[in-house]
1. Counting just the residues of the stretch 51-77 that are among the small types (G, A, S), more than 12 Å from the chain's Cα centre (by Cα) and within 19 Å of F35 (Cβ to Cβ), which one comes out surrounded by the most Cβ atoms within 10 Å (Cβ to Cβ)?
2. Return yes when I59 is at pLDDT 95 or above and within 14 Å of L28 (Cβ to Cβ) and no when it is not.
3. Take E21 and decide whether it is under 19 Å from T94 (Cβ atoms), of a type in the set (D, E, K, R), modelled with pLDDT under 90 and within 20 Å of the chain's Cα centre (by Cα).
4. Identify the residue in the stretch 78-98 that is assigned to a loop (DSSP other than H, G, I, E, B) and in contact (Cβ under 8 Å) with a residue 24 or more places away in the chain and, among all such residues, is nearest to the chain's Cα centre (by Cα).
5. Which number in (1) under 23 Å from E115 (Cα atoms); (2) in contact with a Ser or Thr (Cβ under 7 Å, 6 or more places away or on another chain); (3) touching a residue at least 40 places away in the same chain (Cβ under 8 Å) marks the one condition that V46 misses?
Amino acid sequence: MYVDSQRAPERAPVYNVRRREPRYVCSLHVAMQRFLRLGPVIAHGVLLDISMRGMSALICGAPLEGETVAIELPFPGCPIKTLATVRHSGDAKTGFEFYPLTAIAQKVIKDWIQELRKHEEKLFPYRFEGAVHRGGG
């Protein structure tokens, strides 16, 4: 089969990832409730990272993009249940954007992130801080 290729190959578009909030790596059990025609279905998974606006997780039976789900996060001392929209979904992970959080949920997530930051600073000393600010990390 002959393929004529007179054009130069197209370059891949530059993809610049800029999040509104930094994400923090953590690992917690997470339960996700989907609302299907047959009734509610609960799927379980592992939280991969979290921010004040969303999270990503590895979920058994990943939901569809755009689907609204209920997420249950068993934070120590105060479990949270909130609604979220599925922003991306694949075999590897699913990304969620939280609906506006209650004041209690905001406080619990903020406190959890503060704890994660303390541990992160021990794991990754300040010598890497410059790379993050320059966009290299």
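1. First pass over the stretch 51-77, keeping only residues among the small types (G, A, S): 51, 54, 56-57, 61-62, 66, 70, 77.
Restricting the remaining residues to those that are more than 12 Å from the chain's Cα centre (by Cα) gives 61-62, 66, 70, 77.
Imposing the further condition that a residue be within 19 Å of F35 (Cβ to Cβ) reduces the set to 61-62, 66, 70.
Values: G61: 12, A62: 20, G66: 9, A70: 16.
For the stretch 51-77, the residue satisfying everything is A62.
2. Details: at pLDDT 95 or above: no; within 14 Å of L28 (Cβ to Cβ): yes.
Here the answer is no, as I59 does not meet what is asked.
3. Numbers: under 19 Å from T94 (Cβ atoms): yes; of a type in the set (D, E, K, R): yes; modelled with pLDDT under 90: yes; within 20 Å of the chain's Cα centre (by Cα): yes.
The answer is yes for E21.
4. Applying the first criterion (assigned to a loop (DSSP other than H, G, I, E, B)) to the stretch 78-98 yields 78-79, 90-93.
From what is left, the residues that are in contact (Cβ under 8 Å) with a residue 24 or more places away in the chain are 78, 90-93.
Details: C78: 20, G90: 12, D91: 14, A92: 12, K93: 8 Å.
Ranking the qualifying residues of the stretch 78-98, first place goes to K93.
5. (3)
So that you can scan it fast, the table gives a plain yes or no per residue for (1) at pLDDT 95 or above; (2) in a loop (DSSP other than H, G, I, E, B); (3) out of contact with any Leu (no Cβ under 7 Å at 6 or more places or on another chain):
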| residue | (1), (2), (3) |
| --- | --- |
| P40 | no, no, yes |
| A43 | no, no, yes |
| D49 | no, no, yes |
| I71 | yes, no, yes |
| E115 | no, no, yes |
| R127 | no, no, yes |
| G136 | no, yes, yes |
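The values are calculated or read from the model by the stated rules, or taken from the named source; none is laboratory data. Nothing here was measured: the structure is a model prediction, and the numbers come from that model. No Cβ is skipped: glycine too gets one built from the backbone with ideal geometry, and neighbour counts run over all protein chains shown.
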